[in-house]
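S.K.: Let me begin by handing over the structure; questions about it come next.
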Amino acid sequence: MNILKQNIAGGAVMAVIFLCLPLMEAKAAPHQIAGPAVDDGEEIREQLVRMGYYEEDVSGYFNFVTNNAVTRFQKDYGLPPTGFVGPSTKMKLENVEMMAKIVHGEARGESFIGKVGVAAVVLNRIASPDFPDSTEEVIFQRNAFTAVNDDQYLLIPDKSAYDAVREAMDGVDPTKGAVFYYNPSGVSDEWIFSRTVLTQIGRHFFAE
């Protein structure tokens with residue numbers, strides 16, 4: 001009887017923890033949801049698949065495999081590893097997705113380090129007082145990125161684009177702090193040539 005009571009009590013505790021995990025995440029890192037929304041489980045699963053967090057077939061419902069994939073994502077991006085998609089995880093997924101789309105649209109023909117450079121420029125702009133202070137506002141600032149203007153932003157990112165974003169978010173910046181980059185052969189406004197070039201990676205010149 002004691003063993004039965006212990007099992008029941010243990011199960012009740014686990015149920016409480018299971019139900020409280022989303023609240024724990026929300027309390028740990030409250031954020032306002034912004035950006036093109038990752039509205040449902042299907043879109044979340046598809047993004048996690050592209051990022052390489054699934055090693056098994058994707059099921060049609062949010063099961064243990066998806067829970068594990070979310071947990072791994074959270075650990076990689078410095079979030080509480082709850083396995084649930086609360087506000088902070090949803091915002092991080094959205095920001096990573098927006099950045100991966102820019103990287104893929106702007107630098108898919110470049111080397112991996114060149115892709116990291118593009119991602120780093122986005123982060124450097126967010127940190128700069130001269131630019132907006134959110135991922136969405138930086139990316140969709142008027143005429144900020146060619147890929148937004150010509151709809152290459154709408155292309156589906158490959159894994160290397162996501163990997164480049166993660167590298168930049170981990171603090172890697174091969175651009176030496178650049179907030180601009182350009183391909184000289186595709187420049188339509190010569191103003192960009194007035195910026196001081198910090199380094200060149202592939203076809204892109206990175207400038208301050």
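The values are calculated or read from the model by the stated rules, or taken from the named source; none is laboratory data. Computed from a predicted structure; not experimentally measured. Counting neighbours? That spans all protein chains shown, and the Cβs are built from the backbone with ideal geometry, glycine included. In case anyone asks, the SASA skips ligands and DNA or RNA and just uses the protein heavy atoms, side chains included. Shrake-Rupley method; radii C 1.70, N 1.55, O 1.52, S 1.80 Å.
S.K.: For the stretch 101-208, calculate the relative contact order in percent as a whole number, restricting contacts to Cα pairs under 8 Å that are 6 or more residues apart.
M.R.: Reported as a whole number, the value is 33 percent.
S.K.: What does the accessible area per residue of the stretch 124-208 come to in Å², with a 1.4 Å probe and no ligands, DNA or RNA counted?
M.R.: Computed with neighbouring chains in place, this is 58 Å² per residue.
S.K.: Quick one: putting +1 on the C-beta of Lys and Arg, -1 on the C-beta of Asp and Glu, what dipole do you get for the stretch 145-208 around its Cα centre, in Debye to the nearest 20?
M.R.: Approximately 160 debye in magnitude.
S.K.: Let me ask something else about it. Roughly how many percent of the accessible protein surface of the stretch 112-153 is carbon and sulfur, given a 1.4 Å probe and a whole-percent answer?
M.R.: 46
S.K.: For the charge dipole of the stretch 74-208, defined by +1 on Lys and Arg C-beta atoms and -1 on Asp and Glu C-beta atoms about the Cα centroid, which residue among Pro129, Ala164, Ala147 has the Cα displaced farthest towards the positive pole?
M.R.: My answer, from the dipole projection, is Ala164.
S.K.: Let me ask something else. Which of the aspartates and glutamates could a cross-linker bridge to Lys115, judged by Cα under 17 Å and excluding same-chain residues fewer than eight apart?
M.R.: Within the straight-line cut-off, Lys115 pairs with Glu97, Glu106, Asp158, Asp163, Glu167, Asp170, Asp173.
S.K.: While we're on this one: For the stretch 115-124, in order, what is each residue's ³J(HN,Hα) by Karplus, 6.51 cos²θ - 1.76 cosθ + 1.60 with θ = phi - 60°, in whole Hz (x at glycine and Pro)?
M.R.: Values, residue by residue: 5, 4, x, 5, 4, 5, 4, 4, 5, 5 Hz.
S.K.: Along the charge dipole of the stretch 66-208, Cβ charges K/R +1 and D/E -1, which of Ile192, Phe73, Asn95 sits furthest on the positive end?
M.R.: Of the listed residues, the answer is Phe73.
S.K.: If you take the square roots of the eigenvalues of the alpha-carbon gyration tensor of the stretch 91-208 and sort them as a ≥ b ≥ c, do you get rounded (a/c under 1.5), prolate (a/b over b/c) or oblate?
M.R.: Judged from the Cα gyration tensor, the stretch 91-208 comes out rounded (a/c under 1.5).
S.K.: Let me check against my output: what whole-number percent is the relative contact order of the stretch 79-146, with C-alpha pairs under 8 Å and at least 6 apart?
M.R.: 26
S.K.: Another question about this same structure. Please list, ordered by chain and number, the residues whose modelled amide H lies under 5 Å from the amide H of Phe180; skip anything fewer than 5 residues away on the same chain.
M.R.: Placed amide hydrogens put Ala207 under 5 Å from Phe180.
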